[in-house]
Amino acid sequence: MRVSVFGLGYVGSVSAAAFASDGHDVVGVDVNPDKVAAVNGGHSPIVEPGLEPLLAQVVADGRLRATVDTAAAVAQSEASLVCVGTPSRKNGSLDLTYLERVSEQIGAAFGTNRTITSSSYGALCCRARRTALSSRRSSAHPERNTAKDLASR
Ligand SMILES: NC(=O)c1ccc[n+]([C@@H]2O[C@H](COP(=O)([O-])OP(=O)(O)OC[C@H]3O[C@@H](n4cnc5c(N)ncnc54)[C@H](O)[C@@H]3O)[C@@H](O)[C@H]2O)c1
């Protein structure tokens, strides 16, 4: 399967390498160009024992690449895994700014069917899905409104 992984932090970089190691075609996306460059160079963007050799192998095999280009990554994949940070605010609530933003970007970029899942718990996955669909419907592509949407956890 062709998979895009948004966020190359602790969850995303490990997930991207694991999917690629399982034979999937993976494109990782991050707003941080240093993390993108690290992955494309076969280096781990995080400190995680065992990740670097796995990353080096799947990048060398051509099964994992990284980019800062959200639209290109969406175009190159059928499913998207959202792994951006959801930090806690001082009042204990979750800051969903990054989740909302990346979901809007995915929603504006995808064409017909898309599976969207999240590394966070179910309610946040539903939030990402709703935001992506809302963004998609308000995009400048009315023909997309009639296409079947598929989103799941
Ligand atoms: N770390 C864990 O052990 C763990 C466990 C379970 C669930 N989670 C959840 O998984 C999610 C990710 O956690 P993490 O620890 O990997 O976060 P992290 O902070 O390590 O990584 C998040 C990455 O997302 C990137 N990012 C932000 N906005 C982006 C955008 N618009 N497009 C692409 N990339 C973007 C950041 O640059 C960063 O590299 C959080 O919701 C967290 O609660 C984490």
Test result for residue 80, at pLDDT below 90, of a type in the set (S, T, N, Q), within 21 Å of residue 9 (Cα to Cα) and within 14 Å of the ligand (Cβ to nearest atom): no
Filtered residue count, region 38-60, keeping only those that are surrounded by 20 or more Cβ atoms within 10 Å (Cβ to Cβ) and among the polar types (S, T, N, Q): 1
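May I ask you to list the residues in region 61-74 that are within 14 Å of the ligand (Cβ to nearest atom) and surrounded by 18 or more Cβ atoms within 10 Å (Cβ to Cβ)? Explain how you work it out, then say what you get.
Step one: of region 61-74, the residues within 14 Å of the ligand (Cβ to nearest atom) are 66-74.
66, 67, 70, 73, 74, listed by residue number.
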Pairs with Cβ under 6 Å, 6+ apart, first in region 1-30 and under 10 Å from residue 64 (Cα atoms), second among the aromatic types (Phe, Trp, Tyr): 3/19; 26/19
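Scan region 106-125 residue by residue and report those that are under 15 Å from the mean Cα position of the chain (by Cα) and without any contact (Cβ under 8 Å) to a residue 60 or more places away in the chain. Walk me through how you get there before you give the answer.
Of all residues in region 106-125, those under 15 Å from the mean Cα position of the chain (by Cα) come to 106-110, 114-120, 124-125.
Once the filter is applied, which keeps residues that are under 15 Å from the mean Cα position of the chain (by Cα) and without any contact (Cβ under 8 Å) to a residue 60 or more places away in the chain, region 106-125 yields 107, 108, 109, 110, 114, 115, 116, 117, 118, 120, 124, 125.
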Helices (runs of 4 or more DSSP H) fully within region 1-74 counting 2 or more residues that are among the hydroxyl-bearing types (Ser, Thr, Tyr): 10-21
Candidate set: region 18-44, residues that are among the charged types (D, E, K, R) and within 8 Å of the ligand (Cβ to nearest atom); chosen: the one nearest to the chain's Cα centre (by Cα): 30
Qualifying residues in region 75-95 (those that are touching a strand residue (DSSP E or B) at 6+ places or on another chain (Cβ under 9 Å) and part of a loop (DSSP other than H, G, I, E, B)) - the one surrounded by the most Cβ atoms within 10 Å (Cβ to Cβ): 83
Qualifying residue in region 128-144 (condition: within 15 Å of the ligand (Cβ to nearest atom), closer than 22 Å to residue 10 by Cα and surrounded by fewer than 19 Cβ atoms within 10 Å (Cβ to Cβ)): no
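Is it the case that residue 15 is at pLDDT 95 or above, of a type outside the set (Asp, Glu) and either within 11 Å of the ligand (Cβ to nearest atom) or out of contact with any Lys or Arg (no Cβ under 6 Å at 6 or more places or on another chain) (or both)? Spell out the reasoning first.
Working: at pLDDT 95 or above: yes; of a type outside the set (Asp, Glu): yes; either within 11 Å of the ligand (Cβ to nearest atom) or out of contact with any Lys or Arg (no Cβ under 6 Å at 6 or more places or on another chain) (or both): yes.
Taking the combined requirement at face value, the residue satisfies it.
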Some residue of region 27-37 being crowded, with 19+ Cβ neighbours inside 10 Å and out of contact with any strand residue (DSSP E or B) (no Cβ under 9 Å at 6 or more places or on another chain): no
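The values are calculated or read from the model by the stated rules, or taken from the named source; none is laboratory data. Just so we're clear, the structure is a prediction, and the values are computed from it rather than from any experiment. Heads up, the Cβs are rebuilt from the backbone with ideal geometry, glycines too, and the neighbour counts pull from every protein chain shown.
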